[in-house]
Amino acid sequence: MSTTKKTPSRHAALGEMKVRLLRVIQRLEDRDTTAKAGEELRGVCESLPLTQVAGFIATLIESVEHPLKKGYARREVIRLLADSASYHAESLDTSMVTRVVAALTKACGDKDSGVREECAEAMGSLVISLPSLPSFRPFFQPLCSAMEGPSPDQQQGAALALQAVLSAPALIAAGEGGRGMTFGLCRLQHYLLSLFLLLCITPA
């Protein structure tokens, strides 16, 4: 009597991958295993079939939105998210890009200045990897909203990220072609000037 081995469903495969990823991500908390865990996650990222890319990136997004305890671990997760999104940029639709940016914007308010700086670098690298994005509005809106928030850390982190986005060659080229700039650079300049004045008058 022959037996047939059942192939796991796509949903089951994604669930198994998520559990495995979360276990590896937890190892980022231990300095002795941070580097190895990061290498393992990058290896997984580069060998993913197209059907699992969204699930992989969604798991990293969850890990950014529910941050680890150690600052260096949070920085590594943010770096991994940006690298993974950049590596699979051609597979990302606007809704996924929006989710990635929203998670990074939230992390811009981290109490650790190193995490905020990592977020800014992540935003800049993400813009560079998405030159064909129809509009850069998904970056502008959440960052401008964050700059209006009550938290000084959030304001500073969002300002750093916005500066990185505005400095990206992809955005400059888009501006020359008139693409994605209708949100209003005048408004962006207003936010940056307001934050600059706020930082100047805030006692050290």
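Find how much the distance from Met17 to Glu46 grows on full extension, using 0.36 nm per residue of separation minus their present alpha carbon separation; answer in nm with one decimal. Don't jump to the answer; show the numbers that get you there.
Numbers: separation 29, 0.36 × 29 = 10.44 nm, distance 1.42 nm.
Roughly 9.0 nm would be gained on extension.
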(request) Report the trypsin sites (Lys or Arg not before Pro) located in region 24-70 that are in a DSSP loop and have at most 12 other Cβ atoms inside 10 Å of their Cβ, or state none. (result) Lys69
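First compute the accessible area of region 116-159 with a 1.4 Å probe, then give the percent of it belonging to carbon and sulfur atoms. Spell out each step's value before the answer.
Working: 910 of 1750 Å².
Answer for region 116-159: carbon and sulfur cover 52 percent of the accessible area.
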(request) Please give the residues of region 43-80, grouped as numeric ranges, whose backbone N is less than 12 Å from a label point set 7 Å along the Cα-to-Cβ vector of Glu121. (result) 75-80
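At 0.36 nm per residue, and after removing the present C-alpha to C-alpha distance, how many nm does the segment from Glu65 to Ile128 gain when stretched out fully?
Details: separation 63, 0.36 × 63 = 22.68 nm, distance 2.30 nm.
Here the answer is 20.4 nm.
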(request) Order these peptides, 17-25, 56-64, by their mean beta-carbon neighbour count within 10 angstrom, highest first. (result) 56-64, 17-25
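State to the nearest 20 debye the size of the charge dipole of region 1-98 about its Cα centre, where the only charges are +1 on K and R beta carbons and -1 on D and E beta carbons.
360 debye
The values are calculated or read from the model by the stated rules, or taken from the named source; none is laboratory data. Predicted model, so just to flag it, every value in this text is computed and none were measured. Counting neighbours? That spans all protein chains shown, and the Cβs are built from the backbone with ideal geometry, glycine included. Protein only, heavy atoms only, side chains kept; ligands, DNA and RNA dropped before computing areas. Shrake-Rupley method; radii C 1.70, N 1.55, O 1.52, S 1.80 Å.
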